[in-house]
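Q: Supplied in structure tokens, the structure appears directly below.
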Amino acid sequence: MTAKCAMAGMANGGGKTVVPLPEGLELDAHQHRAVLLDVADVIESLDGLYATGPDVGTSPADMAVIGERTRHVFCRPAEQGGSGDSSPHTADGVVAALRAVCRRLYGTPDFKGRRVSVVGLGHVGEKIARSLAAEGAALTVSDITEEKQAVAEEIGAIWCAPGEAVTA
């Protein structure tokens, strides 16, 4: 994240907010909210030295809860004055970066016939996979959620286990 911020010419570094939970622990709605408010309190205590936004496992609605206690939060729901879900924009940025790589390596930004592996079919990964498939890329996809195999079938991708996808 720090490197991304530096490349974008931003004055601040980057980081991730991580809340480790015991394996298998499922939070109910009240506990989920309480954790988000605890995160908000820590961020607020840093007085602007750190801000957060959504990532794996969180949403604009979660950012709205965090925003109840700190203004140092991004991507709150649009109807609450925020920028909303950032994942479509993130996916578009990844696809644009892949086009630049193809142009540099192969002289064309086209994906047709290129083999690409997408590891993780969450909000960002699924949009990337769908975009690449629509443009003719040969895809291998994976996710820790077995139900995501339906996406692979729908877009004509090869499914494999996450541990195998990187080298597929």
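The values are calculated or read from the model by the stated rules, or taken from the named source; none is laboratory data. Nothing here was measured: the structure is a model prediction, and the numbers come from that model. Here the Cβ positions follow ideal geometry from the backbone for every residue, glycine too, while neighbour counts run over all protein chains shown. Keep in mind that these areas ignore ligands, DNA and RNA; they rest on the heavy atoms of the full protein, side chains included. Shrake-Rupley method; radii C 1.70, N 1.55, O 1.52, S 1.80 Å.
Q: Based only on Cα atoms, what Rg/Rh ratio does the chain have, Rh being taken as Kirkwood's radius?
A: 1.02
Q: If the chain between Glu23 and Glu164 were fully stretched, how many nm would it gain, using 0.36 nm times the residue separation less the Cα-Cα distance?
A: Numbers: separation 141, 0.36 × 141 = 50.76 nm, distance 2.28 nm.
This chain segment gains 48.5 nm when fully extended.
Q: Here is a further query. Any idea of Asp85's accessible area? Nearest 10 Å², probe 1.4 Å.
A: Its accessible surface works out to 70 Å², give or take rounding.
Q: Under a 1.4 Å probe, what is the accessible area of the range 1-48 per residue, stated in Å²?
A: 77
Q: Beyond 16 Å, what percent of the Cα pairs of the range 1-77 remain? Don't skip to the answer; put the middle values down first.
A: Working: 1556 of 2926 pairs.
Counting pairs separated by more than 16 Å, the tail of P(r) holds 53 percent.
Q: Let me ask you something else. Please check: in the Gaussian network model of the chain (C-alpha springs, under 10 Å), which one of Asp38, Asp143, Asp62 has the largest mean-square fluctuation.
A: Greatest mean-square fluctuation among the candidates belongs to Asp38.
Q: Related question: Could you work out what % of the accessible surface of the chain is carbon and sulfur, using a 1.4 angstrom probe and leaving DNA, RNA and ligands out of the count? Provide the component values of the computation, followed by the final result.
A: Details: 5980 of 10670 Å².
Roughly 56 percent, rounded to a whole number.
Q: A follow-up question, please. Please get the size of the charge dipole for the range 1-61, origin at its Cα centre, with Cβ charges of +1 on Lys and Arg and -1 on Asp and Glu, quoted in debye to the nearest 20.
A: That gives a dipole near 320 debye.
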